Every structure is written in C-alpha cells, then in structure tokens.
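For reference, the structure discussed in these notes is given below.
The values are calculated or read from the model by the stated rules, or taken from the named source; none is laboratory data. These figures come from a predicted structure and were not determined experimentally. As a convention, Cβ positions derive from the backbone with ideal geometry for all residues, glycine included, and neighbour counts pool all protein chains shown. Surface accessibility is based on the protein's heavy atoms, side chains included, excluding ligands, DNA and RNA. Shrake-Rupley method; radii C 1.70, N 1.55, O 1.52, S 1.80 Å.
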Amino acid sequence: MKLVMLDRDGVLTRAPAQYVTHPGELTMIDGAAAAVARLNAAGIKTALVSNQSAVGRGIIGADMLDRIHAKLRTELAAASARLDLLLTCIDAPWAATERRKPAPGMLREALAHFRAAPHEAVMIGDQLTDLLAAQAAGVAPILVRTGKGAELLARGVPQDILTVRVYASLTSAVEALLQGR
C-alpha cells in the first residue's frame, strides 16, 4: 500500500447537517487523527480528496475553506499526523468538472502526484460518490460506517460497484490495511 485517499466529512471529521462554514464547526471523529498518524508512521502517503461545493455555491469563500483546512491540519498535528496532499473540488453540482466526485479527477491527481498505480492505493469514504470515484480511477474502495456510511449500507450498495470493504470507522479500516487484510 503506497497511498490512502480520504474523504473529509464523515471520515476524518463529523459530517455536518449541511456544510462546514467556519473552523469552529469542524470536529474530528474520535480516533481519526491517530489513524492518520499510524499511516504516516508506516510510510503510507495520505491525501485528502474532498468535494467542497459550499465554495462553488457561494456559501463560503475560498479563504474560509483555507481557514477550515488550517484547523484540520492543526487537529491532525496534535496527534502527530499529517496529510501529504490536500485536494478539494469546489465545483457546485450543476457546474461539475472531472474533479468532482463521483468523477475520478482528484483521485487521478493524487495517484499522479505520488506516482502510485491504482492497485497501490485505496479510497476511504462514507458516500456512494466516494465509491464511484474509486471505481472509476481503478482504486480499491473502502466504506466506513461513520458519516453517511451506515445510511448507505442500509439503502444498499449498488450491484455494479466493485467489491467494497466495509469498516466501522477510519480507525478500523487503517488497522485492517496495516495488517494486510
């Protein structure tokens, strides 16, 4: 395993009702920062791959998104963790480009950045868009039950999705990855 790509809301941080609009609304999921620290310690690169349409919708500005991500980096650093790459797509859904999940653009950017082949990477997310982006990029999809993952499982993962590994949280997903399961 060379690269772990992570969605933000619902994987690293608690999923908001609508959007995270300022740093005070960003809350880490218990154990998520420590899980990223374990990946860092194992020499596995980490990339945030997150749709953030609040910018494209005009709800927040790009400067506020930068402040929100500064808080995320601070929260991770407090657990001796870091993201090696932070990619966000600010497109509004009605103006989506190839970067907006479920399209694979950001995942392909991360693969190219780290010179990783798709079979050397996974995408950990909590929504169908994460799984579809992973499939389109040829990357193994992992679903966590945190965020909207449990809701997706209750509805059922579409049959045309590749085999999806499911874990309770980022902590258990990282544990399994590090143990080679």
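Across the range 154-181, which residue is most open to solvent (accessible area, probe 1.4 Å) among those that are among the small types (G, A, S) and within 15 Å of I29 (Cβ to Cβ)?
We begin by selecting, within the range 154-181, every residue among the small types (G, A, S); these are 154, 156, 168-169, 172-173, 176, 180.
Now restrict to residues that are within 15 Å of I29 (Cβ to Cβ): 168-169, 172-173.
Numbers: A168: 58, S169: 26, S172: 38, A173: 0 Å².
Filtering the range 154-181 for residues that are among the small types (G, A, S) and within 15 Å of I29 (Cβ to Cβ), the one most open to solvent (accessible area, probe 1.4 Å) comes out as A168.
Which members of the range 141-152 meet the condition of being more than 13 Å from the chain's Cα centre (by Cα) and under 21 Å from A103 (Cα atoms)?
Within the range 141-152, L152 is the sole residue that qualifies.
Could you grab me the full set of residues in the range 28-41 that are touching a helix residue (DSSP H, G or I) at 6+ places or on another chain (Cβ under 6 Å), open to solvent by 30 Å² or more (accessible area, probe 1.4 Å) and small (G, A, S)?
Selection gives G31 alone.
Could you please give the count of residues in the range 42-51 that are open to solvent by 20 Å² or more (accessible area, probe 1.4 Å) and over 20 Å from K148 (Cβ atoms)?
The qualifying residues number 3.
Taking into account only those residues within the range 52-76 that are open to solvent by 40 Å² or more (accessible area, probe 1.4 Å) and closer than 17 Å to L170 by Cβ, which is farthest from the chain's Cα centre (by Cα)?
E75
Do we have any residue at all in the range 41-50 that's at pLDDT 95 or above, more than 22 Å from G138 (Cβ to Cβ) and assigned to a helix (DSSP H, G or I)?
yes
Somewhere in the range 128-137, is a residue in a loop (DSSP other than H, G, I, E, B) and modelled with pLDDT of 95 or more?
Looking for residues that are in a loop (DSSP other than H, G, I, E, B) and modelled with pLDDT of 95 or more, one finds none in the range 128-137, hence no.
Would you check if A81 is closer than 14 Å to V4 by Cα, modelled with pLDDT of 95 or more and either open to solvent by less than 40 Å² (accessible area, probe 1.4 Å) or touching a strand residue (DSSP E or B) at 6+ places or on another chain (Cβ under 6 Å) (or both)?
Answer is yes for this residue.
Mind counting the residues in the range 98-115 that are part of a loop (DSSP other than H, G, I, E, B) and either out of contact with any Gly (no Cβ under 7 Å at 6 or more places or on another chain) or under 13 Å from V139 (Cβ atoms) (or both)?
Qualifying residue count, the range 98-115: 7.
Any chance the range 129-141 includes a residue that's buried (at least 19 other Cβ atoms within 10 Å of the Cβ), over 11 Å from V4 (Cα atoms), in contact (Cβ under 8 Å) with a residue 40 or more places away in the chain and not hydrophobic (A, V, I, L, M, F, W, C)?
Checking the range 129-141: at least one residue is buried (at least 19 other Cβ atoms within 10 Å of the Cβ), over 11 Å from V4 (Cα atoms), in contact (Cβ under 8 Å) with a residue 40 or more places away in the chain and not hydrophobic (A, V, I, L, M, F, W, C).
Tell me, please, whether a residue that is among the charged types (D, E, K, R), buried (at least 18 other Cβ atoms within 10 Å of the Cβ), in contact (Cβ under 8 Å) with a residue 24 or more places away in the chain and within 21 Å of D30 (Cα to Cα) can be found in the range 146-153.
For the range 146-153, residues among the charged types (D, E, K, R), buried (at least 18 other Cβ atoms within 10 Å of the Cβ), in contact (Cβ under 8 Å) with a residue 24 or more places away in the chain and within 21 Å of D30 (Cα to Cα): present.
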